[in-house]
Structure formats: structure tokens, C-alpha cells
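Beneath this line is the structure, given in C-alpha cells, with notes to follow.
Each reported figure results from applying straightforward, stated rules to the coordinates on display, with no laboratory input. What you see is a predicted model; the values in this text were computed from it and never measured. Every residue, glycine as well, gets a Cβ built from its backbone with ideal geometry; the counts of neighbours run over all protein chains shown.
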Amino acid sequence: MYLSKFIDELKPKKIVEIGTFFGKSAIFMAKKLNPNTQKLFCIDPWVPYHGITSIEGKQGILIAYEQFISNCIHHKVYDRIIPMRMSSMEAVSLFSN
């Protein structure tokens, strides 16, 4: 509800999502964007991290990036999303403000 209202009212040119995983919230936001004037930058390294202990969790994160891309294509929002496969600390230097 808040994301929808934010996008509708402010009409941002750029949205940066830190932590995307399979892209559920990214796809929701991207559907509300104009592909010609608005972009969503999805920052996620899509690599296993310290908190994942189960085999299923580790396998899930290994396929998460491919699943994210597949989900974006399936929902026809790939033209509005720019995936950035890196940590947030790496990505922060790429944005001026």
C-alpha cells in the first residue's frame, strides 16, 4: 500500500531497492513505472550469506538471481528494472545522491 502510494504520488525517476531476492516487491513496483521515464535499480549480490544454514536455503540463494530474471521476464517488467549484482556498499558509489 505504501509503495503504491509513494510511486503514484511522487512519480520518482529512480527507485533503488536494496535486497531483491526473487523480486516480488520489485515486480510490484516496476508494474507501476513508466518504462520510458522511470527505472528501478535492484541491488543484491545474490550469493549465500552467513545467516543461511540449511541446504535448501543455500541452494535457493544460488538460483535466486536466475529466478529473479525469469520472474521479471514473465511479468514483462524487465525493461523497467536494472539488476545490480553487487553489495549495497559497492553500489552506493554508483549513485550521486
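Some points to look at:
- Cross-link partners of residue 5 among lysines, defined as those whose alpha carbon lies under 27 angstrom from its own and excluding same-chain residues fewer than eight positions apart: 13, 14, 24, 31, 32, 39, 76.
- Other residues with beta-carbon under 15 Å from the beta-carbon of residue 86 carry, at +1 per Lys or Arg and -1 per Asp or Glu, a net charge of -2.
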